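*Asks:* Just passing along the structure, written as structure tokens.
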Amino acid sequence: MTTEKPNSNRDLALYLRLFRWARPYWAHLVGLFLLSLLATPLALLAPLPLKIALDSGLGSKPFPHWIRPFMPAAFRLTPSSALLFAVGLLIAVTILAQIQTLALALLKTYTGEKVLLEFRSGLFGQMQRLSLSYHDVKGTAETLYNLQYDAAAVQTVVAERFIPLIGSAFTLLGMLYVTLKIDWQLALVALLISPILFLISKFYRRRLRRGSREVKKLEKSAMGVVQEVLGALRVVKAFGKEENERHRFVRRSFEGMRARLKLALAEGKYNFLVGLTSAIGTATVLFVGFRQVQSGVISLGDLMLMMGYVTQLYEPLKSMGKNSAALQSYLANIERAFALLDELPEVEEKINPRSLVRATGKLAFQNVSFRYGQNNRPALGQVSFQVDSGMRVGIVGPTGAGKTTLVSLMLRFYDPVEGQILLDDLDLREYRLSDLRNQFAFVPQEAVLFPTSIAENIAYARPEATDEEVVAAAKAASAHEFTALLPQGYDTLVGERGMCLSGGERQRISLARAFLKNAPILVLDEPTSSVDVDTESTIVEAMERLMHGRTSFLISHRLSPLKDCDAILHIDQGRLIRVTSPKFLVDREETVVADTATSSGRQSNA
């Protein structure tokens, strides 16, 4: 992620890229711009009633010449009529200003929400396109922060900061023109502070951007603690570490609070200098203008009008400066969001990929090697084997040997760094990614359920499936019996990660999902590792039905699920050390039991 100092060219590039995202809403943005421009004439009219009341109501001067064409022919100027006209004009200008503010607020909210939804949708799509290795390194908290907070900056910049900044520039030009017409000397005196405000803004811009980046980093770190603890809450409670985790969260949050205080202090200093500079400019204009009134160069009403315009001349200047400073925080967010959009997935689809309706299930590894992550940790080395259509293949080996990596490469969660994986004699990378993954039904070691109903979890494999098909899949996976006994049946909500159900029930729903998908290749990753013997037998029976007629890969440390496999792949330290039949495992187990009994508990190396 970028840590470079901000400059005008880079900020301009960010703005241009941001507004390309907002292109579908150009009409709304133009409407916002035009509505914001209405503030300029309304602001120009605001001090006018006071001048009329002073010069024509209390004094005897006629109305300003540009108002006279709008007056009715029968109108007679008297102190009373001048005062009434000033009051009426004041009320009319106020009403118009309120209508303009309301319309601007409504259109700003609508446009901002639409742009935010579009941008968040793009970010969410990118998150899903990125390879698992990206999320393995970055973690969930990083992407959640990108989606929730970094994306929200787009709404603020497009609808609430940038357009008003342009509107302020036009208001400034309007005020400058009018003040020059009234008294060019006072106008030049008022403008003397503009270079000072520009230099202050330029100096603080870098500091505010740097501070904003640090705040985002620390906020994400505190969010990461929450995400970690909630994901492992059972472990935290089991070890009684709630207070330790609370202190860890407080420490991270305190670091973020300290960074926010430093940023607030920098913003406060900036706003103080802007306010002080504007006050000095106003005081200088008042002093010079008062001398001109004493000299008879301008009237008291002209001075009051000039002071009103000078005050409003400084408002857009201050607004532009403050918006420019505030934008640094939002630009830091947008930099982070665009950094995510610029990430390239390690698993990329070819420009013209081959479509694949239904594979035969023939699969081969040819000298496949793979290494994980930035540390280049080896996971598989020179693995080669071939599986014919309809074969059942067991995969065994110690923990960390590379078994799950092997099946992850089949699904193209990752791409091998060396070698090829062929499906129906064609490299996996030749196929359209969505078509390829449609050829696999995947049942992970820990059943993954969504916090919806049982029926929706099963139908996740095929959302268009009918209720009858969902029930049939549940029956095939031995999930119908316990589901039918629940008060709400298939409409029962399973809770967060399915924790309202037992481990065996979750696993059977996961199997039902695989049944419903009806893919030609089946991958089962330790489906019976966390269930009791009785539940295991039920799941094994369901697996037998599921594997029938499909090319199947079964990872297991237990013998019973492997007994009907056609071949067993033995993986150790990332290498395929041998291929055997299920009978080898039976013979080996008997040997181990015999040796263990005769050696008084010493480990056999049979």
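*Asks:* Tell me, in nm to one decimal, what length is gained between E418 and K563 on full extension, where the rule is 0.36 nm per residue of separation less the Cα-Cα distance?
*Replies:* Stretched out fully, the E418 to K563 stretch lengthens by 48.9 nm.
*Asks:* Also, quick follow-up: Give me, ordered by chain and number, the residues 5 or more places off A379 or on other chains with an amide H under 5 Å from its own placed amide H.
*Replies:* Residues meeting the criterion, in which the H sits 1.01 Å from N, are F370, R371, Y372.
*Asks:* Per DSSP helix of 4 or more residues, -39500 (n - 2.57); summed, then divided by the residues of the chain. What does that give at 222 nm, rounded to the nearest 500?
*Replies:* After summing the helix terms and dividing by residue count, I get -19500 deg cm²/dmol.
*Asks:* Next up: Length gain on complete extension for the stretch K202 to R358, per 0.36 nm per residue less the alpha carbon to alpha carbon distance?
*Replies:* 50.0 nm
*Asks:* Counting pairs of alpha carbon atoms under 8 Å apart in space and at least six apart in sequence, what relative contact order in percent does the chain give?
*Replies:* Once normalised by length, the contact order is 14 percent.
*Asks:* Hey, what do the phi angles of region 281-288 turn into as Karplus ³J(HN,Hα) couplings, whole Hz, using 6.51/-1.76/1.60 and θ = phi - 60°, x for Gly and Pro?
*Replies:* Taking θ as phi minus 60°, the curve returns x, 5, 4, 5, 5, 4, 5, 5 Hz for region 281-288.
*Asks:* Mind jotting down the three principal axis lengths of the chain based on Cα atoms? Whole angstrom, largest first.
*Replies:* Reported extents, whole Å, longest axis first: 121, 52, 48.
*Asks:* Quick one: 3J(HN,Hα) in Hz for region 329-340, Karplus 6.51/-1.76/1.60 with θ = phi - 60°, rounded, Gly and Pro as x.
*Replies:* Each residue of region 329-340 in turn: 5, 5, 5, 5, 4, 5, 4, 5, 5, 5, 4, 5 Hz.
*Asks:* Convex hull over the alpha-carbon atoms of region 8-342: what's its volume per residue in Å³?
*Replies:* 167
*Asks:* Could you pull out every residue, at least 5 positions away or on a different chain, whose amide H is within less than 5 Å of the one on I395? Hs are placed 1.01 Å off N in the peptide plane, and Pro or chain starts have none.
*Replies:* Under 5 Å from the amide H of I395 lie the amide H atoms of L554, I555, S556, L569, each far enough along the sequence or on another chain.
*Asks:* In terms of modelled amide H atoms, which long-range or inter-chain residues lie less than 5 Å from the amide H of N518?
*Replies:* Result for N518 returns nothing.
*Asks:* Give, as ranges by residue number, the residues of region 449-464 whose backbone N falls under 20 Å from the point 7 Å along Cα→Cβ of L485.
*Replies:* Answer for region 449-464: 454-455.
*Asks:* To the nearest 20 Debye, how big is the dipole of the chain about its Cα centre, given +1 on the beta carbon of each Lys and Arg and -1 on that of each Asp and Glu?
*Replies:* Using only the charged Cβ atoms, the result is roughly 3020 debye.
*Asks:* I'd like the Karplus ³J(HN,Hα) series for region 243-254: coefficients 6.51, -1.76, 1.60, θ = phi - 60°, whole numbers in Hz, and an x wherever there's a Gly or Pro.
*Replies:* 5, 4, 5, 5, 5, 4, 5, 5, 4, 5, 5, 5
Read-outs throughout are calculated quantities, based only on the coordinates presented, and are distinct from any laboratory measurement. This one's a predicted model, so the numbers in the text were calculated from it and none came from an experiment. All Cβ positions, even for glycine, are placed from backbone atoms using ideal geometry, and neighbour counts span all protein chains on display.
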